[in-house]
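The values are calculated or read from the model by the stated rules, or taken from the named source; none is laboratory data. Worth saying up front: this structure is predicted, and the values here are computed from it rather than measured. Glycine also receives a Cβ, built like all others from the backbone with ideal geometry; neighbour counts cover every protein chain displayed.
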Amino acid sequence: MAVLIDGKAISSQIKDELKAYVAEKGLSDKLCLAVVLVGSDPASQVYVNNKKKACEYVGIGSKSFELPETTGEEELLSLIDRLNGDDSITGILVQLPLPLQIREDVVIRRIAPEKDVDGFHPMNVGRLSIGEKGFVSCTPAGVIELLKRSRIPVEGKECVVIGRSNIVGKPMAMLLLRENGTVTVAHSRTKDLREVCKRADIVVVAIGKPKFINREYIKEGATVIDVGIHRMENGKLCGDVDFADVESVAGAITPVPGGVGPMTIAMLMSNCVYS
């Protein structure tokens, strides 16, 4: 039976460390996250509220900007420009996805790289790719922390990342490389995906398909990190991994919920505090 990697407990540990650091350094009045939400998507509203609560817990400020669904791109860009120029704002987060009339790539590029606590700006992605210091996308950074704090070594291990998105897959591969893993990025066009996965010591699944990965994809004793999250017809949450099927062959595994999800917010707080 696999060891359960408890993201909820590890994220709480990280937030406690950040809270102590903020108090020790007297940063509570010096740090403030601006959270921008366009529209009324229920899931996005939940995520935004969780981020505001996390700021409050860690002891840093937050300001919320909630705009209607009909907001135009120029109006949003104008708000970002104001936040970029506001010295009291040290981090800016625009909640994704955005309404169809607003281009996400344009918005991401408009945020000042030094305030891009999501780590999505091309400048921060570039810094990651060449090994320079910069903000790192929160979900992949959270996966690395899960591995480190669970004492699962990456160095010399065969790592397979399933998914090649700019937000998870690509930065995940670069972070695993930085930890000296041997990395394969698999995706929808990968031939013999099952065989590619089966050779991995560490599998990070971000494919966006509920319960897609079963035990036939996993080597005995491998570590399985499930980034996916989906709501089933019965209202329960599941990931990209068939947890019940894979748990019996994996050496360690993250649950959904309670695995990678809480780590994303913990690493956002880390980016805000160490900005």
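Residues in region 153-164 that are in contact (Cβ under 8 Å) with a residue 24 or more places away in the chain and either under 15 Å from Ser129 (Cβ atoms) or not small (Gly, Ala, Ser) (or both): Val154, Glu155, Lys157, Glu158, Cys159, Val160, Val161, Ile162. The residue that is nearest to the chain's Cα centre (by Cα), counting only those in region 201-218 that are surrounded by fewer than 21 Cβ atoms within 10 Å (Cβ to Cβ) and assigned to a loop (DSSP other than H, G, I, E, B), is Gly208. Would you confirm, using the coordinates I've provided, whether Val246 is more than 30 Å from Gln95 (Cα to Cα) and either in contact with a Phe, Trp or Tyr (Cβ under 6 Å, 6 or more places away or on another chain) or at pLDDT 95 or above (or both)? Taking the combined requirement at face value, the residue satisfies it. Residue under question is Gly228, and the condition is that it be out of contact with any Gly (no Cβ under 8 Å at 6 or more places or on another chain) and either crowded, with 20+ Cβ neighbours inside 10 Å or over 19 Å from Glu145 (Cβ atoms) (or both); does it hold? Spelling it out, it is not the case that Gly228 is out of contact with any Gly (no Cβ under 8 Å at 6 or more places or on another chain) and either crowded, with 20+ Cβ neighbours inside 10 Å or over 19 Å from Glu145 (Cβ atoms) (or both).
Among the residues making up region 249-263, those that are closer than 17 Å to Ser150 by Cβ and either within 15 Å of the chain's Cα centre (by Cα) or at pLDDT below 95 (or both) are Thr254, Val256, Gly258, Gly259, Val260, Gly261, Pro262, Met263.
When region 77-105 is limited to residues that are over 30 Å from Gly26 (Cβ atoms) and touching a Leu at 6+ places or on another chain (Cβ under 7 Å), the one that is surrounded by the most Cβ atoms within 10 Å (Cβ to Cβ) turns out to be Ile102.
On inspection, Leu18 qualifies as under 19 Å from Cys272 (Cβ atoms), surrounded by 19 or more Cβ atoms within 10 Å (Cβ to Cβ) and of a type in the set (A, V, I, L, M).
Is it the case that region 99-121 has a residue that's modelled with pLDDT of 95 or more, closer than 18 Å to Gly169 by Cα and touching a Pro at 6+ places or on another chain (Cβ under 6 Å)? Yes. A search for C-beta distances below 7 Å between a residue of region 183-200 that is surrounded by fewer than 19 Cβ atoms within 10 Å (Cβ to Cβ) and any residue that is aromatic (Phe, Trp, Tyr), counting only pairs 6+ apart in sequence or on different chains, returns Arg194/Tyr217; Lys198/Tyr217. Assess whether Asn49 counts as being polar (S, T, N, Q) and either surrounded by 14 or more Cβ atoms within 10 Å (Cβ to Cβ) or in the same structural domain as Val249 (by TED's automatic domain parsing) (or both). No; evaluated as a whole, the condition is false for this residue.
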